[in-house]
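To keep things clear, I will list the structure first and then write my remarks on it.
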Amino acid sequence: MAGKTVAKRASTRKTRTAPAKRRTTAAKRAATRKTRKASLTGRLARKAGTWAARAHTRRRTDRHARVDAAILRRTHAGCAKCGGRGVITKQKKDGTLAGSKPCPAKPTTTRAPRLKVAIEARYGQDKRSGLHGWSCPCGKRDRPRYRTPKDATKVLREHEKKRHGGQSIGGTWYVQIPATATTPPTKRPALAAA
């Protein structure tokens with residue numbers, strides 16, 4: 001019996017394997033971390049930062065609009081169609097503004113000196129000429145800083161939503177006309193002789 005080898009029996013015991021992961025159709029939820037409440041100075045600093053960023057973008061768009069208006073005034077100086085503004089405004093029969101469009105005439109000059117444009121956009125009484133502003137009967141108004149009446153009307157509607165519950169109470173937009181502009185004479189209907 002010494003020379004016989006006995007074959008080992010196969011074990012009936014199951015070997016342990018890692019459990020299979022269950023697949024779920026729901027998306028994994030991101031682990032949410034509880035944030036600590038910021039200190040008073042931190043909250044104030046964040047508020048000041050957002051205010052400064054908003055004011056900076058407002059100032060930048062305002063400056064760009066003034067520069068664009070100054071370029072239009074320079075290139076359309078002496079234009080008979082627009083009166084030197086570069087923009088033609090349409091009026092209703094009662095005299096209120098109905099809209100505006102760029103002057104279709106060819107510019108009188110094609111070059112606008114950069115330094116002179118910068119000076120016109122920053123200083124003087126005509127620095128906002130050709131830009132649109134808006135006013136509301138409640139007393140709130142915005143100085144001319146928008147390039148188109150559409151932009152001014154959009155801001156006016158936001159004011160109406162905020163202050164008047166979305167109801168229009170007769171707010172209008174307006175255009176600043178330069179003091180040096182040579183406006184073409186308006187044709188008035190002749191009165192019928194009685």
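The table below lists the values:
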item: Two-site label geometry, C138 and L44: point separation in nm, points 7 Å out along Cα→Cβ; result: 3.0 nm
item: Out-of-range pairs (alpha-carbon distance over 26 Å; input K90/K154; K47/K116; K81/K116; K127/K161); result: K47/K116; K127/K161
item: Calculated FRET value between K37 and K154, using beta carbons and R₀ = 22 Å, to 0.05; result: 0.05
item: For the range 42-102 and the range 118-150, distance of Cα centres in Å; result: 6 Å
item: Under 5 Å, built H, 5+ apart or other chain: amide partners of V87; result: C103
item: Tail beyond 22 Å, pair distance distribution of the range 53-149 (Cα, percent); result: 34 percent
item: Modelled FRET efficiency - R0 22 Å, R163 with A55, Cβ distances, 0.05 increments; result: 0.60
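Every number here is computed from the coordinates shown, using simple stated rules; none is lab data. Keep in mind the model is a prediction, meaning the values are calculated, not measured. Methodologically, a virtual Cβ is constructed for each residue, glycine included, from the backbone with ideal geometry; neighbour enumeration extends over all protein chains shown.
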